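Below you'll find the structure, written out as structure tokens, and then a few comments.
The values are calculated or read from the model by the stated rules, or taken from the named source; none is laboratory data. Owing to the predicted nature of the structure, the values given are computational and were not obtained by experimental measurement. Cβ placement follows ideal geometry from the backbone for every residue including glycine, while neighbour counts extend to all protein chains displayed. Heads up: the accessible areas ignore ligands, DNA and RNA and are worked out on the full protein's heavy atoms, side chains in. Shrake-Rupley method; radii C 1.70, N 1.55, O 1.52, S 1.80 Å.
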Amino acid sequence: DVEIHYTVSEGSRDQISSITLMGFDFEGSESPTPPTLPCSITQLNEYSESVLREVKNLGFPGASILVEFGANESSVNMVVNPASRSHIGRIEIVGLENIDRAVVERASGVEQGLPLTSATIQSARVKLLRLGLFSRVDIK
């Protein structure tokens, strides 16, 4: 059996009074709502995770965030590094028997070279299901 020992120091809770988000333009998309200030480190972490999730959903799967605390540790700069944007490459359609591939391509609205975003994928899936020709549509 493994024993675990916690060593903690009680004291005042750290409060963040200022958050600055830098390094990314949400291009007309709504950026995640920052927490009400002052906020806790936990709320800051939740906000950071929501920003990162949204940046990745906008087509930047390699994105990362650097959280830098100011000298007084109550101000924070969150620097987004989006890395490179992913674009749709080759499109493969599997499972067609009686339906022309061109029908699926037109209906999906997906084209080579478009930015790969979760919204693009979800929209294509919904459009294909609305055709009423498929019982299931999986996009990977």
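The table below lists the values:
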item	result
Among (1) assigned to a loop (DSSP other than H, G, I, E, B); (2) among the hydrophobic types (A, V, I, L, M, F, W, C); (3) at pLDDT 95 or above, the one test that I65 misses	(1)
Positions within the range 114-131 being closer than 19 Å to A63 by Cβ and of a type in the set (A, V, I, L, M, F, W, C), in sequence order	L114, L116, A119, I121
Residue check for G109: touching a strand residue (DSSP E or B) at 6+ places or on another chain (Cβ under 7 Å), at pLDDT 90 or above and on the phi > 0 side of the Ramachandran plot	no
Failed item, numbered, when F60 is tested on (1) in a loop (DSSP other than H, G, I, E, B); (2) touching a residue at least 12 places away in the same chain (Cβ under 8 Å); (3) more than 29 Å from L116 (Cβ to Cβ)	(3)
Residue match in the range 78-89 (condition: in contact with a helix residue (DSSP H, G or I) (Cβ under 6 Å, 6 or more places away or on another chain), assigned to a loop (DSSP other than H, G, I, E, B) and within 16 Å of K140 (Cα to Cα))	no
Residue list for the range 29-55, filter: under 28 Å from T117 (Cα atoms) and in a loop (DSSP other than H, G, I, E, B)	S29, E30, S31, P32, T33, P34, P35
In the range 36-67, residue farthest from N81 (Cα to Cα) [restricted to those that are surrounded by 17 or more Cβ atoms within 10 Å (Cβ to Cβ) and over 13 Å from the mean Cα position of the chain (by Cα)]	C39
Qualifying positions in the range 7-24 - in a loop (DSSP other than H, G, I, E, B), surrounded by 10 or more Cβ atoms within 10 Å (Cβ to Cβ) and modelled with pLDDT of 85 or more	Q15, S17, G23, F24
The range 129-140, subset open to solvent by less than 70 Å² (accessible area, probe 1.4 Å) and closer than 14 Å to E92 by Cβ, residue modelled with the lowest pLDDT	I139
Hits in the range 89-113 (condition: closer than 18 Å to S123 by Cβ, open to solvent by 60 Å² or more (accessible area, probe 1.4 Å) and not basic (K, R))	E105, E111, Q112
